[in-house]
1. Residues in the range 8-62 that are closer than 20 Å to Ser97 by Cβ, among the aliphatic types (A, V, I, L, M) and part of a loop (DSSP other than H, G, I, E, B): how many?
2. Given the criteria closer than 17 Å to Tyr134 by Cα, more than 14 Å from the chain's Cα centre (by Cα) and more than 15 Å from the ligand (Cβ to nearest atom), does Gly40 qualify?
3. For the range 36-44, indicate whether the set of residues that are surrounded by 14 or more Cβ atoms within 10 Å (Cβ to Cβ), touching a Pro at 6+ places or on another chain (Cβ under 6 Å) and at pLDDT 95 or above is non-empty.
4. Regarding the range 113-128, can at least one residue be identified that is within 20 Å of Lys22 (Cα to Cα) and of a type in the set (S, T, N, Q)?
5. Quick check on this structure: which one of Phe55, Phe77 is buried (at least 18 other Cβ atoms within 10 Å of the Cβ), of a type in the set (Phe, Trp, Tyr) and within 16 Å of the ligand (Cβ to nearest atom)?
6. Please work out which residue is modelled with the lowest pLDDT, limiting yourself to the range 86-106 and to residues that are surrounded by 13 or more Cβ atoms within 10 Å (Cβ to Cβ) and part of a loop (DSSP other than H, G, I, E, B).
7. Identify, please: which residue in the range 47-76 is hydroxyl-bearing (Ser, Thr, Tyr) and out of contact with any Gly (no Cβ under 7 Å at 6 or more places or on another chain) and is, among those, nearest to Thr19 (Cα to Cα)?
8. Looking at Arg31, Arg5, Arg21 in this structure, which one is modelled with pLDDT under 95 and not aliphatic (A, V, I, L, M)?
Amino acid sequence: MNSIREDARPGSAIPDNETIRKLITKALDMRKKAYCPYSGYSVGAALLTGTGKIFGGCNIENAAYPDTVCGERTAIFKAVSEGEREFTAIAVTGGRSEEPEGYSVPCGSCRQVMNEFCDPDRFWIIVARNTEDYKVFTLRQLLPESFSPAALM
Ligand code: ZN
């Protein structure tokens with residue numbers, strides 16, 4: 001691995017269990033703020049920055065369906081708009097029921113947005129039902145052979 005972007009964004013080690021639980025707790029809390037009157041599928045996300053800050057996000061639907069934004073992108077756009085560009089991990093939780101029945105994995109658009117800012121081998125995506133039941137993936141696992149900023153440099 002010797003691409004420009006990986007040199008520029010060193011990434012981080014997998015977060016410890018305490019940090020993971022903290023992110024999941026924040027994501028579960030953000031889920032309560034979701035605006036999803038059409039699908040009833042609420043998503044909460046919590047993004048950890050390289051500087052140790054956590055930005056929350058929820059999905060925000062719209063009567064014009066394509067204008068809907070996912071919880072993950074809400075969190076990323078909030079962070080970028082506040083000057084953050086290095087990210088370590090994101091926790092995501094979602095579903096139709098109060099207690100998520102399954103794992104809510106990021107959609108393709110969110111994975112691509114993550115790929116803009118994150119080292120694919122050292123950005124951790126935590127999909128959680130609760131603080132004890134979760135899976136952790138690298139971005140590369142969820143978006144292999146991706147189109148990245150390196151292609152345009
Ligand atoms: Zn998405």
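1. Of the residues in that region, 1 qualify.
2. no
3. no
4. no
5. Unique residue meeting the criteria: Phe55.
6. If we take residues in the range 86-106 being surrounded by 13 or more Cβ atoms within 10 Å (Cβ to Cβ) and part of a loop (DSSP other than H, G, I, E, B), then Pro100 is modelled with the lowest pLDDT.
7. This residue is Thr49.
8. Arg5
The values are calculated or read from the model by the stated rules, or taken from the named source; none is laboratory data. The structure presented is a predicted model; accordingly, all values stated were derived computationally and were not measured. Positions of Cβ are generated from backbone atoms using ideal geometry, with glycine treated the same way; all protein chains shown enter the neighbour counts.
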